[in-house]
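Contents: one structure, followed by commentary.
The values are calculated or read from the model by the stated rules, or taken from the named source; none is laboratory data. A quick note: this is a predicted structure, and the numbers were derived from the prediction, not measured. Glycine also receives a Cβ, built like all others from the backbone with ideal geometry; neighbour counts cover every protein chain displayed. Please note that ligands, DNA and RNA were not included when accessible areas were found on the heavy atoms of the full protein model with its side chains. Shrake-Rupley method; radii C 1.70, N 1.55, O 1.52, S 1.80 Å.
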Amino acid sequence: MKLKVIVHEAEEGGYWAEVPSIPGCATQGDTFDELLGNIYEAVEGCLSVEVKHVQLTGKDRILEIAV
């Protein structure tokens, strides 16, 4: 999966980024390299879902896929 990320230069220095296709997914970094690492963490965090509150039956399965 490819995601578009909008990178902004912060007025106070450093950078911040947002992922428009994932509402509320944003991060920041003091350097561009730090920002890049933080983007991956932010996307993973925004897309992770806790399944312990989902009711499952004996016929249901939980799969983790990479896209």
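The table that follows gives values for the structure above.
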read-out	value
Residue pairs meeting the criteria (Cβ under 8 Å; at least 6 apart or on separate chains; first farther than 12 Å from Ala26 by Cα and touching a residue at least 24 places away in the same chain (Cβ under 8 Å), in the range 38-67; second of a type in the set (A, V, I, L, M, F, W, C) and open to solvent by 100 Å² or more (accessible area, probe 1.4 Å))	Val67/Met1
Pick from the range 1-51, criterion on the phi > 0 side of the Ramachandran plot and at pLDDT 95 or above, ranking: surrounded by the most Cβ atoms within 10 Å (Cβ to Cβ)	Gly14
The range 22-67, residues that are more than 27 Å from Glu11 (Cα to Cα) and of a type in the set (Val, Ile, Thr)	Val49, Val51, Val54, Thr57, Ile62, Ile65, Val67
Any hit, the range 53-67, residues being among the small types (Gly, Ala, Ser), within 18 Å of the chain's Cα centre (by Cα) and open to solvent by 90 Å² or more (accessible area, probe 1.4 Å)	yes
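Conditions tested, residue by residue: (1) under 29 Å from Ile65 (Cβ atoms); (2) among the small types (Gly, Ala, Ser).
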site	(1), (2)
Met1	yes, no
Val7	yes, no
Ala10	no, yes
Gly14	no, yes
Ile22	yes, no
Gly29	yes, yes
Glu41	yes, no
Glu44	yes, no
